[in-house]
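The values are calculated or read from the model by the stated rules, or taken from the named source; none is laboratory data. Computed from a predicted model, the values in this text were never measured in an experiment. When we count neighbours, we look across all protein chains shown, and the Cβ atoms used for this are built from the backbone with ideal geometry, even at glycine.
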């Protein structure tokens with residue numbers, strides 16, 4: 001129980017620092033692509049920052065593994081975390097560091113207790129759009145037959161790909177670029193499905209609330225109607241002929257005038 005508590009405390013304590021490091025990774029990844037002619041020391045700092053961010057996420061995974069009540073159960077229940085930690089070690093490409101960091105950031109964001117589905121989906125859309133644009137620009141800019149040469153071209157291509165529109169005016173020509181396109185298509189379809197389901201659930205909940213409110217009002221009106229009927233019946237019983245005092249007729253022989261005679 002103490003190990004479980006220590007793991008939860010560690011995860012809660014590391015939410016904000018890791019997400020802040022993810023922002024630093026985003027800047028470090030974007031600068032060499034957007035400004036390819038920057039000084040060599042700028043590229044070196046960005047590369048070091050990328051590895052530091054990935055290393056911090058790897059240390060976080062190892063600490064959570066040690067603090068988990070069952071190490072094997074933790075590994076089985078967090079397969080994407082393990083893949084994201086090991087992926088850059090297979091072949092140290094910048095694209096693999098990008099993929100692993102996105103997986104780790106997504107995992108940590110989903111674990112945040114204060115995050116809502118709408119915020120997570122919105123952040124995922126923006127993140128995929130930004131990183132997809134940077135990645136395809138980095139891969140396709142120097143391709144001999146490529147037509148994605150500027151950041152604007154890359155953003156336009158990412159937007160049309162994620163929304164499954166696919167105008168075809170810009171398309172990757174390299175194998176790695178096409179792999180990026182497939183990943184962006186699948187991610188876009190998944191996110192669109194989540195957004196559609198979320199909107200549908202919101203409408204259904206609104207209709208259900210309206211129906212529940214209407215049923216409540218109907219039940220209240222029926223209860224009031226029954227109470228009014230019961231009150232009328234009670235008043236009628238109390239003021240009916242059986243409860244009223246007898247009034248003697250004018251010519252009744254048992255009346256007071258006849259008794260006096």
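Any chance segment 195-210 includes a residue that's touching a helix residue (DSSP H, G or I) at 6+ places or on another chain (Cβ under 8 Å), farther than 30 Å from residue 142 by Cβ and either modelled with pLDDT of 80 or more or surrounded by 10 or more Cβ atoms within 10 Å (Cβ to Cβ) (or both)? Yes, that holds for at least one residue. Using the structure shown, decide if residue 221 is closer than 30 Å to residue 32 by Cβ and in a helix (DSSP H, G or I). No: the conditions fail for residue 221.
Residue 201 satisfies every condition listed in (1) closer than 30 Å to residue 134 by Cβ; (2) in a helix (DSSP H, G or I) except (1). If the condition is being in contact (Cβ under 8 Å) with a residue 24 or more places away in the chain and exposed (fewer than 13 other Cβ atoms within 10 Å of the Cβ), then segment 145-155 contributes only 145. The set of residues in segment 159-179 that are within 18 Å of residue 144 (Cβ to Cβ) and surrounded by 14 or more Cβ atoms within 10 Å (Cβ to Cβ) comprises 170, 171, 172, 173, 174, 176, 177, 178.
Here's the yes/no breakdown for (1) modelled with pLDDT under 70; (2) surrounded by 10 or more Cβ atoms within 10 Å (Cβ to Cβ):
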position: 217; (1), (2): no, yes
position: 222; (1), (2): no, yes
position: 234; (1), (2): no, yes
position: 246; (1), (2): yes, no
position: 252; (1), (2): yes, yes
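When you look at residue 24, is it in a helix (DSSP H, G or I) and within 23 Å of residue 134 (Cβ to Cβ), yes or no? Yes; evaluated as a whole, the condition is true for this residue. Which ones in segment 48-76 are surrounded by 13 or more Cβ atoms within 10 Å (Cβ to Cβ), over 16 Å from residue 87 (Cβ atoms) and in contact (Cβ under 8 Å) with a residue 40 or more places away in the chain? Within segment 48-76, 63, 64, 67, 68 meet the criteria.
Conditions tested, residue by residue: (1) under 29 Å from the mean Cα position of the chain (by Cα); (2) over 27 Å from residue 194 (Cβ atoms); (3) outside any helix (DSSP H, G or I).
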site	(1), (2), (3)
125	yes, no, no
144	no, yes, yes
156	yes, no, no
159	yes, no, no
168	no, no, yes
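Scanning segment 33-46 for residues that are in a helix (DSSP H, G or I), free of Cβ contacts under 8 Å to residues at least 40 places away in the same chain and under 24 Å from residue 152 (Cα atoms) yields 42, 43, 46.
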